[in-house]
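Below is one structure, written out as structure tokens; the observations come after it.
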Amino acid sequence: MAAAVSAVFATLVSVGVASDLDKSEWAAWVQAFGSVGAIFGSYLIGRWQSEREDDHAQRMALLAKREKWAAVKAVLDDLYHQCLDVADQFDDADAPLVAPFAPHYDPRKFAKSLERVESIPVFELNSDRLAGPIIDFQREARRVGGWIERARDHVAGKREDGALDDARLKAMAQGALHRLRAAYADIGEITGLA
């Protein structure tokens, strides 16, 4: 840009010298060149300011989005860790299901956390990539909660379900936990908040 301006200036001076201009004609040349330079400079400054404002607006929008995502992630983290706290109860498929899940599982706390997770306004997060994993997380957390309740009832003898032995119940819970972990990992990758 500076080279182009210098070339135009050198050309104008060369034309002025070759035309043998007097003082008033030189003044008119300088004034004309100054006017063109001022217009061009105003354009460049305006463009630079506009680009800076656009960059600032984009940074602010990204910051607002990341803050919203961080709040959502905190809600998800609470329920996710509650699920992980009982995950080892379902690990050994061959061992009988005997653990009552206490003290790692509080049904009221789990239900409240699940309610918060399900109330996340998925489609207001400004990310089509994030909506799917959050919906998957919601679904699988609900399933994990259901398997925990079935296991507790099964251990307590409250439910006689001949089609669902300990190994099958554990396998179903492990599948839900696996899908929950995958959804959580996707959310962490998309948000950058692992």
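Read-outs throughout are calculated quantities, based only on the coordinates presented, and are distinct from any laboratory measurement. Just so it is clear, the structure is predicted and the values come from calculations on it, not from any experiment. In this analysis, Cβ positions are derived from the backbone assuming ideal geometry, glycine residues included, and neighbour counts consider all displayed protein chains.
One table, with the values for the structure above:
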read-out	value
Pair Asp85, Ala7: separation of 7 Å Cα→Cβ label points (nm)	7.2 nm
Helix-only CD estimate at 222 nm, as mean residue ellipticity for the chain, using -39500 (n - 2.57) per DSSP H run (n ≥ 4)	-27500 deg cm²/dmol
Segments 79-91, 134-146, 113-125 sorted - mean Cβ within 10 Å per residue, highest first	134-146, 79-91, 113-125
Between 0 and 90°, nearest 10: helix 128-156 axis offset from the chain longest Cα axis	10 degrees
Rg(Cα)/(2.2 N^0.38 Å) for the range 60-191, N = residue count	1.16
Separation in nanometres of the label points that stand 7 Å from Cα toward Cβ, at Ala95 and Ala38	8.6 nm
Normalised alpha carbon radius of gyration of the range 1-78 [divisor 2.2 N^0.38 Å]	2.19
The chain: angle of helix 23-87 to the longest principal axis, Cα-based, in degrees nearest 10	0 degrees
All aspartates and glutamates inside 12 Å of Lys65 as judged from Cα atoms, apart from same-chain residues fewer than 8 positions distant	Glu124
Size of electric dipole in the chain: Cβ of Lys, Arg +1 and of Asp, Glu -1, about Cα centre, debye, nearest 20	380 debye
Amide N proximity, the range 63-79 versus Lys109 label position 7 Å along Cα-to-Cβ, cut-off under 19 Å	74-79
Gained length - Glu118 relative to Ser14, 0.36 nm times residue gap less alpha-carbon distance	29.9 nm
By average C-beta atoms within 10 angstrom, highest first, the peptides 167-175, 104-112, 18-26	167-175, 104-112, 18-26
Cα-based helix-to-principal-axis angle, 166-191 vs the chain, degrees rounded to 10	10 degrees
